[in-house]
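Below is one structure, written out as C-alpha cells; comments come after it.
Here, each number is a calculation from the coordinates, and none is a lab measurement. Keep in mind it's a predicted model, so treat the numbers as computed, not measured. Neighbour counts run over all protein chains shown; Cβ positions are idealised from the backbone, glycine included.
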Amino acid sequence: MISCPLYHHFPKTEAILTEAFIDNLQANPYFLFMEYFKDQDRYFIRIDKDEDLFGSLQKFAKAESLKSGHLSGIGALKDCELGFFHLHSKSYDRKLFKDEVELLSLEGNLSFLEGEPFFHIHTVLGGPDFKCFGGHLFSAIVAVTCEINFRPLNMDVVRKPNPEVGLNLIQFCGIPSVKDS
C-alpha cells in the first residue's frame, strides 16, 4: 500500500462482499478492495473484481460524507441489469446481462433518496462481438476493475417523486421547480 495522506483503503471487514468476491479472496489473500484518493476537489476510485458497484459507491459516499456530485468511469462489469424507461407507461423494460462486458462509458450523479446516497447511472457497454448497448444501470458487479472519477458538489441534492413522470427527480436544496411555483 502506498503511503499517502489522501489515500483511502477499505479493509476486508468493510468491503461490499459478493459470493464470488469471497471465493476470490480465499484463493488469493492479496486480493484487493475498493481504494480511492482525493486530489484537490476530485476523487479517483478503483473498485475491484467481484465487488458490487452500487454498494461500493454508497459506502464511499457515506465514508466521505458527500452531499452530491458527478461521476464518470470505465472498466469491465458483469451481472449488469439495464433499463429503458417508457414515459407513456411510467415503467422500465429491464434486461440482465450475465456475461462480462466492457464498461465503455459510465455517467451519473449522486443525490439522496429517502436520506440515503442514491447513484443515478447510465452506461454504454460493449460485448465480445464489438457491439454496444446501454441504458439506465440498476445493478452490476465489477468483472475486472472499475475506475471512476468523482467530482463532489457542495450542495444538498435530494430526489422526490414526480407523479407526472413517474420517477424520483432531483430537487436542488429543496427548492421547487419553476413549474411547481
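Points to keep in mind about this one:
- Stretch gain in nm, segment Arg159-Glu100, where the contour uses 0.36 nm per residue and the Cα spacing is subtracted: 18.1 nm
- For the range 74-82, 3J(HN,Hα) computed residue by residue from phi via the Karplus equation (6.51, -1.76, 1.60; θ = phi - 60°) reads 9, x, 8, 10, 8, 6, 8, 10, 10 Hz, glycine and proline entered as x.
- Computed FRET value (nearest 0.05) for Phe130 with Asp39, which takes r as the C-beta separation and R₀ as 35 Å: 0.55
- The range 98-173: GluC sites (Glu not before Pro) in DSSP coil with no more than 12 other Cβ atoms inside 10 Å: Glu114, Glu164
- Amide H contacts for Asn162 (H built 1.01 Å from N in the peptide plane; partners 5 or more residues away or on another chain; cut-off under 5 Å): Leu167, Asn168, Leu169.
- In order along the range 38-50, the phi-based Karplus estimate (6.51 cos²θ - 1.76 cosθ + 1.60, θ = phi - 60°) of 3J(HN,Hα) comes to 10, 10, 6, 9, 10, 10, 10, 10, 10, 10, 9, 3, 6 Hz; Gly and Pro are listed as x.
- Integer Hz, Karplus 6.51/-1.76/1.60 couplings in order for the range 102-109, x for Gly and Pro: 6, 8, 7, 7, 10, 10, x, 9
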